[in-house]
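The values are calculated or read from the model by the stated rules, or taken from the named source; none is laboratory data. Bear in mind the structure is a predicted one, so any value in this text is a computation, not a measurement. Cβ placement follows ideal geometry from the backbone for every residue including glycine, while neighbour counts extend to all protein chains displayed.
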Amino acid sequence: MSNMVILKSWIEGTRPLLWNAFSVSMLTGEKKRKTGSAGNNPDEWKQTVLATPERRLFVKGSYLFSCLRDAARFTREGKGTLQRSVAATLQILDEEILVDRFIPEEMFVTPEAFHNAKDKDVYIDVCGVRNPTTRGKNVRYRVACSSGWKCSFSLVFDNTLVSKIAMRSIIHDAGNLVGLGDSRSIGSGRFRVEKIEESVYISDAEKTSA
């Protein structure tokens, strides 16, 4: 019998979720039309958001991995924590985790109307930041979802390394203490767990033999 366990979790955001994804296109030599001024690019949000062709927002599975790994440090194991064990066994089964929000078409036409409009489901978070290298001040434009966003994800782990009870606790800690997306250090991306369901893990070898 396999020691691997699958848990599917449904979560709801209790704080805004912000995007500041790194785009490979930012490193290409292709010349792009410049907008704004140095340190103040109002079109920045278009380059750092993650969305499907239908404009549905999503987060990468790797974000959930980092979130749960970081949350594992709050669960004690002997004189240490479960962080190393979680990092060794945890796998997020979704490459892209869809959020129940879409970028409005109007945001591309009149983005100024969405600046810090936290009453909207999706808006553009505009704030000043300081560059730690140059000490210069920049303006950051990021797509954000207001509180109440929802998504679900599935993970698999070896319950001989991490117990089912411990992993469930870590998922709750991830929402309460860590969060998803950008600006997690100031509390953004926090969430509550609505439901967790367990299912049987079937390996590729077992699928073939069946």
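Here ASP94 passes the criteria (1) surrounded by 15 or more Cβ atoms within 10 Å (Cβ to Cβ); (2) under 26 Å from ILE186 (Cβ atoms); (3) within 21 Å of the chain's Cα centre (by Cα) except the one numbered (2).
TRP45 meets each of the listed conditions (1) part of a helix (DSSP H, G or I); (2) over 17 Å from ILE170 (Cβ atoms); (3) free of Cβ contacts under 8 Å to residues at least 12 places away in the same chain apart from (3). Select from region 48-76 the residues that are surrounded by 14 or more Cβ atoms within 10 Å (Cβ to Cβ) and free of Cβ contacts under 8 Å to residues at least 12 places away in the same chain and write down the one among them that is farthest from ASN20 (Cα to Cα). So the residue we want is ARG73. Confirm whether GLY189 is surrounded by 21 or more Cβ atoms within 10 Å (Cβ to Cβ), over 15 Å from LEU18 (Cβ atoms) and under 16 Å from the mean Cα position of the chain (by Cα). So GLY189 fails the test. Does GLU112 count as surrounded by fewer than 16 Cβ atoms within 10 Å (Cβ to Cβ), under 23 Å from GLU194 (Cβ atoms), out of contact with any Asp or Glu (no Cβ under 9 Å at 6 or more places or on another chain) and of a type outside the set (Phe, Trp, Tyr)? Taking the combined requirement at face value, the residue does not satisfy it.
Where in region 124-208 are the strands (runs of 3 or more DSSP E), entirely inside, with at least 1 residues that are of a type in the set (D, E, K, R) and touching a His at 6+ places or on another chain (Cβ under 9 Å)? So that I can check it myself, show each step before the final result.
Numbers: elements: 137-145, 150-158, 191-200.
Answer list for region 124-208: 191-200.
Remark: SER2 matches the filter, which requires a residue to be modelled with pLDDT under 95 and either within 23 Å of the chain's Cα centre (by Cα) or surrounded by 10 or more Cβ atoms within 10 Å (Cβ to Cβ) (or both). State yes or no: is SER188 of a type in the set (Ser, Thr, Tyr), within 19 Å of THR48 (Cβ to Cβ) and touching a strand residue (DSSP E or B) at 6+ places or on another chain (Cβ under 7 Å)? When the stated conditions are applied, SER188 passes them. So for region 169-184 (the condition being surrounded by fewer than 17 Cβ atoms within 10 Å (Cβ to Cβ), in contact with a strand residue (DSSP E or B) (Cβ under 7 Å, 6 or more places away or on another chain) and among the charged types (D, E, K, R)), does at least one residue qualify? Within region 169-184, not a single residue is surrounded by fewer than 17 Cβ atoms within 10 Å (Cβ to Cβ), in contact with a strand residue (DSSP E or B) (Cβ under 7 Å, 6 or more places away or on another chain) and among the charged types (D, E, K, R).
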